[in-house]
Amino acid sequence: MSVAAHGETLAAVSNFVFPNDFHVHWSLMIVLYPYITGLVAGAFIVSSLYHVFHIKALKPVARFSLLFALAFLICATWPLLNHLGHPERALSMMLTPNPTSAMAGFGYIYSAYFIVLLLEIVFIFRPTVVALKQKATGGMKALYGILSIGSDNVSEKALKVDHKIISFLAAIGIPMACVLHGYVGFIFGGIKANPLWATPLMPLIFLLSACVSGIAGIILTYILLMKLSGKEIDVECVQTLVKFLWGFFILDFVFEMLELFSHFYMATHHWHTLETLYSGPLFNTFWVAQVGIFSVIPFILLMFMSLIRFKDSLLLFFAPIVSLMILIQVLLMRWNVVVGGQLMSKSERGSTTFHPMWLEKEGILPAIIIMVAPVVILWLIGKVLPFWLDDEVAEAA
Amino acid sequence: MIDIKKEIQKDRRAFIKNVLSGTIAGSLLMVIPAGAALDERLPEELPGMRGDDSPFTKNKFAFIVDVTACIGCGSCCVADKNEYNVPDGNYRTWVERYIIDDHDEVFVDSPNGGLDGYTKPRADIPNPVRDTFFVPKLCNMCEKPSCVQVCPVGATYRTDDGFILIDKSRCVGCGYCIQACPYSVRFLNPISRTAEKCTWCYHRVRKGLLPACVSVCPVHARKFGDLNDKTSEVYKLLREPHVISVLKPEMGNQPALHYLGLRREVV
Ligand code: SF4
Ligand code: SF4
């Protein structure tokens, strides 16, 4: 008969899950929530790269990125509302917030960001809107009237003022986009009870993956929309986007791995729990899918695409593929963090399973609807505001 | 009636003063003509609670679970389920069974939260059993409660006398508190769609009764009392040199739930 010499009796032998831990409370909706806010923050960064950092090559997508961000921002609260047990009380978070709760800040940060984004769009599109208003009739004319915020003045002086306002909004928009998404990371990172979530790196990783997903989203939709409408794609713009994508993805991927490696190296008792999680229930979605297929392959592809001057056709062939892979990588990352974190029981001795259903309230179908909605909204926005500058030139002619 | 007689015997003058000021007069009116509510007819188990109708008592309550005494009968779980009509599959309290074999492997289970009692031995232990014990779990009533910290609307709150409670009419059902509680004592009630957990039977305590689980435990493994009362069992236990610990102390939650004879295998 032996006795435990090194405290290893603490290790898990039987799969014991606390009775209340079988159910995964935060499921698909909470996977989508950071995914959508991430796309918003990332798309905004693309637009700011042009408006604030004057990356001229991004001009073709600078305006579109804002509309893209708006479409997704409109839907950012949907998964949350669908998730709440009492959505009718959601406003209490803003009316009677608990100051110590990370979640209570969301309403404020979201609203403030919404206002900044909307204002920026209004000012950027004002000259366009004024021109469109001249030609429009009926309801559309009224709509353009509202969007032009009552000023038809497109004199050079007025546009200069507009430009100053735009630069200012874009500039404060950057820290706000960072706060919006870094904060979403903190919602998880601040939960000490969950060893997978509780790391100060969480906001940073969320923010970097947000930038990555936003840029990838813009590349993909830009190329698709251009191809669909038979317009010419600005290769330099795509090339620049790809370079930024690679840059952000290096940081993102390195920090994701670094976080894991630190846990592994420090090997506290938390690591023993995480280890069983990564080698068990998360093995396929994390190691195989997120890391193996959807990180390593795009990483190498992006490296080549950035370092070697690809033929245009080759670049335009690989760019959407890589972007799609990155979009999947980020979605997988959200899944592995949000759902993965809940798979291990706080008993530290076992894990539960989770299989989303198609038709339940927070199931796959509602998730698809919530992901398609921003695309539809974007299309509707496109009916009002032209995505591309050359549309405008064509329409004016 | 018993408690009133006791009250009279204890201090006649104070009793008369109380009657005049109305605190007991109300209950007298209820007791004598119409028959008292059940809880009023039961003897007071927590001294001093019945006269105290201030919003928060001055008491400092503690809960002690005696791991060495629990026999895993599950009576506490049954009492709890009846008291609160807890939906199946969710647990405000549960009892875990620990088995350690002579290869030092630890086997833990809690089928149906121990609600059915541990009437049969586990059949899947490969080696001779070296040790076995039961550990009842419930809300730790943390001094630094993570659940209160994260609740976005203040639906989960801490009373001045140390109870962590949930206001069902305010809870938005976000589940953040469920994620934040290191002890997994919370769940989302599927009917009310709000968070729920053990309250240490706040409603009973305020009427001078022990929590339901404490009062049914046949071996007195669950103990509850006021630490300001130097005659209480919990006060004595925590003062005397016993092996007493809390769960997951490294979380920094500072539980008011203590375990007598807690083993290191317990998480
Ligand atoms: S045990 Fe959990 S639910 Fe109870 S007070 Fe502590 S953190 Fe809150
Ligand atoms: S589920 Fe209810 S009690 Fe829990 S954090 Fe959300 S609002 Fe607060």
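Looking at B:157, B:183, can you tell me which residue is hydroxyl-bearing (Ser, Thr, Tyr) and more than 8 Å from ligand 1 (Cβ to nearest atom)? From the options B:157, B:183, the qualifying one is B:157.
Checking B:192, B:184 one by one, the residue that is closer than 30 Å to residue A:362 by Cβ, touching an Asp or Glu at 6+ places or on another chain (Cβ under 6 Å) and not basic (Lys, Arg) is B:184 and no other. The residues of the range A:259-302 that are touching a residue at least 24 places away in the same chain (Cβ under 8 Å) and not in a helix (DSSP H, G or I), listed by number, are A:280, A:281, A:282.
Picking from residues in the range B:244-267 that are small (Gly, Ala, Ser) and away from chain A (no Cβ under 13 Å), the one that is farthest from residue A:194 (Cα to Cα) is B:261. When residue A:93 is tested against (1) touching a Pro at 6+ places or on another chain (Cβ under 6 Å); (2) more than 8 Å from chain B (Cβ to nearest Cβ), just one condition goes unmet, and that condition is (2). The residues of the range B:128-154 that are facing chain A (nearest Cβ under 9 Å) and within 13 Å of ligand 2 (Cβ to nearest atom), listed by number, are B:146, B:148, B:149, B:150, B:151, B:152, B:153, B:154.
For the range A:50-58, does any single residue satisfy the condition of being in contact (Cβ under 8 Å) with a residue 40 or more places away in the chain, under 17 Å from the mean Cα position of the chain (by Cα) and open to solvent by less than 50 Å² (accessible area, probe 1.4 Å)? The answer is no; no qualifying residue exists.
Here are A:187, A:174: which of them is aliphatic (A, V, I, L, M) and within 14 Å of chain B (Cβ to nearest Cβ)?
None of the other options fit; the residue is A:187.
From the list B:82, B:112, B:59, the lone residue that is polar (S, T, N, Q), more than 14 Å from chain A (Cβ to nearest Cβ) and out of contact with any strand residue (DSSP E or B) (no Cβ under 7 Å at 6 or more places or on another chain) is B:82.
The set of residues in the range B:86-122 that are open to solvent by 30 Å² or more (accessible area, probe 1.4 Å), on the phi > 0 side of the Ramachandran plot and not in a loop (DSSP other than H, G, I, E, B) contains only B:112. Report whether or not residue A:207 is more than 26 Å from residue A:282 (Cα to Cα) and in contact (Cβ under 8 Å) with a residue 40 or more places away in the chain. Judged against the criteria, residue A:207 is not a match. Residue B:205 meets the conditions (1) of a type outside the set (Asp, Glu); (2) open to solvent by 30 Å² or more (accessible area, probe 1.4 Å); (3) closer than 30 Å to residue B:50 by Cβ in every case but one. The failed one is (2).
The residue pairs whose first member lies in the range A:130-142 and is small (Gly, Ala, Ser), whose second member is surrounded by fewer than 14 Cβ atoms within 10 Å (Cβ to Cβ), and whose beta carbons are closer than 7 Å, counting only pairs six or more residues apart or on different chains, are A:131/A:396.
For the range B:169-179, the set of residues classified as more than 7 Å from ligand 2 (Cβ to nearest atom) and surrounded by 24 or more Cβ atoms within 10 Å (Cβ to Cβ) consists of B:179 only. The residue that is nearest to ligand 2 (Cβ to nearest atom), counting only those in the range B:180-201 that are closer than 19 Å to residue B:94 by Cβ and outside any loop (DSSP other than H, G, I, E, B), is B:195.
Okay, residues lined up against (1) modelled with pLDDT of 95 or more; (2) part of a loop (DSSP other than H, G, I, E, B); (3) among the basic types (Lys, Arg); (4) in contact with a His (Cβ under 9 Å, 6 or more places away or on another chain):
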| position | (1), (2), (3), (4) |
| --- | --- |
| B:124 | no, yes, no, no |
| B:127 | no, yes, no, yes |
| B:135 | yes, no, no, no |
| B:140 | yes, yes, no, no |
| B:144 | yes, yes, yes, no |
| B:149 | yes, no, no, no |
| B:152 | yes, yes, no, no |
| B:157 | yes, no, no, no |
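Tell me, please, whether a residue that is part of a strand (DSSP E or B) and either more than 14 Å from chain A (Cβ to nearest Cβ) or open to solvent by less than 40 Å² (accessible area, probe 1.4 Å) (or both) can be found in the range B:226-240. Yes, because at least one residue in the range B:226-240 is part of a strand (DSSP E or B) and either more than 14 Å from chain A (Cβ to nearest Cβ) or open to solvent by less than 40 Å² (accessible area, probe 1.4 Å) (or both).
Look through B:198, B:177, B:181, B:171 and report the one residue that is touching a Leu at 6+ places or on another chain (Cβ under 6 Å) and within 14 Å of another protein chain (Cβ to nearest Cβ).
The unique qualifying residue is B:198.
Just so you know, in the range B:155-168 the residues that are more than 11 Å from ligand 2 (Cβ to nearest atom) and open to solvent by 50 Å² or more (accessible area, probe 1.4 Å) include one that is farthest from the other protein chains (Cβ to nearest Cβ), and it is B:160.
Among the residues of the range A:133-183, the ones that are open to solvent by 50 Å² or more (accessible area, probe 1.4 Å) and either closer than 30 Å to residue A:34 by Cβ or in contact with a strand residue (DSSP E or B) (Cβ under 9 Å, 6 or more places away or on another chain) (or both) come to 4 in all.
The values are calculated or read from the model by the stated rules, or taken from the named source; none is laboratory data. Since the model is a prediction, treat every value here as computed from it, not as a measurement. Reconstructed Cβ throughout: ideal geometry from the backbone, glycine too, with neighbour counts over all protein chains shown. Accessible surface is based on the protein model in full, side chains and every heavy atom, while ligands, DNA and RNA are left aside. Shrake-Rupley method; radii C 1.70, N 1.55, O 1.52, S 1.80 Å.
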